[in-house]
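In what follows, a structure is listed as structure tokens, so that the remarks can point back to it.
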Amino acid sequence: MIERGSILTLNAGSSSVKFALFDRAANLRETVRGEIENLSGAPHFHAHDGAGKVIAEKRWPAGSTPAFPEVLAELLTFTEAHLGADGLTAVGHRIVHGGADHIGPARITPALLAELEALTPLDPLHMPLNLAPIHALLEARPALPQVACFDTAFHHTLPAVAQRFALPQEISAKGVRRYGFHGLSFEYIASCLHHQAPALSRGRVIVAHLGAGASLCALRDGRSIATTTGFSALDGLMMGTRCGLLDPGVLLYLLRQGHDVDDLEDMLYRRSGLLGVSGISGDVRVLLASDAPAAREALDLFTYRIAWEAGALVSALGGLDGMVFTAGIGEHAPRIRAEVCARLSWLGLRLDAQANLTNERCISLPDSAIDLRVIATNEEAMIARHSETIIDRVAA
């Protein structure tokens, strides 16, 4: 029997909620995608069909700050009107942090929700934002199944040596270790490689998730064995507004200079990275279009850091067979890909300049020692797949 109804996926951030609808009767075909943006100012709700046509839109007055349940109610009203009698069968949520114990998707229950609330100290910036839609839906639609899909879960295969910090045992015992993030994106890319390039998917691959948030993941046989993010999503690569890898001595120095924890948190998450170095923008598109020396400096540091971290992952893998670029920058910035590849030319990779310029799926020349690919990520599709698996398991 073909299951009917749709799955709604929610990806809640600090200023927006991204959503998508997937039709279960059509093999989880994505039918709608949209966003509620500018939550702290004048929220803007918009939904698009598969062809990109706007099918619903609402703007709240400038300066208004409606409560989250009110904004979510607008999404639910649209969703249920759009779906008609089939309605929703489940809602899947991207949860940034699953801690050490949550290594796969799970049906949200009061007990699980309590466990996730207890994880908030590990990620005080993201967890409250991820959990807010769950609470609102429990109030508005208590019978609607909800599923938690964890960004950290994909990295549970990291070997112990790749998880450990060189800190005292009692600190490590409190959960201070490498977790890794962007796992839903890496998992989706691993599934794509399995279908597009089966032989490569069984080999040694680095996936470069390059967007406003950025990280690299080393895959061996489709499993994560090393990644650049660690205890938090601040580690590793510099990002749009985040610092990336930083000598902890810098933080000690700044604390002694009078900066408090809140100021440091704001600087590291929101005023560093491409924005901090350039003083212009954290958006690669803006920097690529700029003639300012500071813009060039920021981009040089960005590609240098990607290549530097990639070198470490090659060591962890014991060699390299392929590299995949994904996410907003990875999929749409040929110049960034070209500069990263130039810095990694010592590996024997050879970039097909024309294929790279037109964002082709394969961007390496036939004689390249490394298979270079561009694959569009889809975290929402991964959430929908996990959600369907969980609700089918419960129904059985």
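All of the numbers you see were taken from the coordinates with simple rules; none came from a lab. As the structure is a prediction and not an experimental result, all values here were calculated from the model. Cβ atoms come from the backbone with ideal geometry, glycine included; neighbour counts cover every protein chain shown.
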_For Cys362, Cys341, order by how many other beta-carbon atoms lie within 10 Å, fewest first_ = Cys362, Cys341
*So what J values fall out for the range 218-233 if you push phi through Karplus, 6.51 cos²θ - 1.76 cosθ + 1.60 with θ = phi - 60°, rounded to Hz, Gly and Pro as x?*
8, 10, 10, 6, x, 10, 6, 10, 6, 8, 7, 7, x, 5, 9, 7
*Of Ala140, Ser40, Pro248, which is farthest along the charge dipole of the chain in the positive direction, counting Lys and Arg as +1 and Asp and Glu as -1 at C-beta?*
Pro248
*Semi-axes of the equivalent ellipsoid of the range 6-150: what are they in whole Å, largest first, if each equals the square root of 5 times a C-alpha gyration tensor eigenvalue?*
24, 20, 13
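Using unit Cβ charges (K, R positive; D, E negative) and no other charged atoms, how large, in debye to the nearest 20, is the dipole of the range 198-379 about its Cα centre? Before the final figure, lay out each step's value.
Working: 17 positive and 21 negative charges, 89 e Å.
With only Lys, Arg, Asp and Glu charged at Cβ, the dipole is about 420 debye.
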*asked:* Give me a comma-separated list of calculated 3J(HN,Hα) values for the range 360-375, in order, Karplus coefficients 6.51, -1.76, 1.60 applied at θ = phi - 60°, integers in Hz, x for any Gly or Pro.
replied: 5, 5, 9, 10, 9, 6, x, 8, 5, 6, 10, 7, 10, 9, 10, 10
*Would you please put 243-256, 319-332 in order of how densely packed they are, using the mean number of other Cβ atoms within 10 angstrom per residue and starting with the highest?*
319-332, 243-256
*Normalise the Debye intensity by I(0) for the chain, one equal point scatterer per Cα, no solvent, then take log10 at q = 0.08, 0.10 Å⁻¹ and round to two decimals.*
-0.44, -0.70
*With +1 on each Lys and Arg Cβ and -1 on each Asp and Glu Cβ, how big is the dipole of the chain about its Cα centre, in debye rounded to the nearest 20?*
700 debye
*asked:* Just to be sure I understand: with springs between alpha-carbon atoms less than 10 Å apart, which residue in Ala384, Ala118, Ala295 has the highest mean-square fluctuation in the Gaussian network model of the chain?
replied: Ala118
*asked:* Can you classify the range 191-253 as rounded, prolate or oblate using the Cα gyration tensor, where a ≥ b ≥ c are the square roots of its eigenvalues, rounded means a/c under 1.5, and otherwise it's prolate if a/b beats b/c and oblate if not?
replied: prolate
*Can you list residues whose amide H is under 5 Å from Gly92's amide H, if they're 5+ apart or on another chain and H is modeled 1.01 Å from N?*
Leu8, Thr9, Leu10, Val147
_Cα centroid of the range 41-106 to Cα centroid of the range 166-188, whole Å_ = 29 Å
*Which of rounded, prolate, oblate describes the range 210-302, given a ≥ b ≥ c as roots of the alpha-carbon gyration tensor eigenvalues and a/c under 1.5 marking rounded, otherwise prolate only if a/b is larger than b/c?*
oblate
*Residue by residue, what Karplus-based ³J(HN,Hα) values in Hz, rounded to whole numbers, does the range 297-310 have, using 6.51, -1.76 and 1.60 with θ = phi - 60° and x for Gly and Pro?*
4, 5, 5, 4, 5, 4, 5, 4, 5, 4, 5, 4, 5, 4
*Answer rounded, prolate or oblate for the range 298-340, using the Cα gyration tensor with square roots of eigenvalues a ≥ b ≥ c: rounded when a/c is under 1.5, else prolate when a/b is larger than b/c, else oblate.*
oblate
*Which lysines have a Cα less than 21 Å from the Cα of Lys18, not counting those fewer than 8 places away in the same chain?*
Lys53, Lys58
*Calculate for the chain the 222 nm mean residue ellipticity that helices alone would give, adding -39,500 (n - 2.57) per DSSP H run of length 4 or more and normalising by residue count, nearest 500 deg cm²/dmol.*
-11500 deg cm²/dmol
*Taking the mean number of other Cβ atoms within 10 Å as a proxy for protection, how do you rank 202-214, 35-47 from highest to lowest?*
202-214, 35-47
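Mind ordering 282-288, 305-311 by average Cβ neighbours within 10 Å, highest first? Let's see the in-between values first.
Values: 282-288: 18.1, 305-311: 20.3.
Top to bottom by mean Cβ count within 10 Å: 305-311, 282-288.
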*Work out, step by step, the length gained on full extension between Ala376 and Arg29: first 0.36 nm times the residue separation, then minus their alpha carbon distance; give nm to one decimal.*
123.3 nm
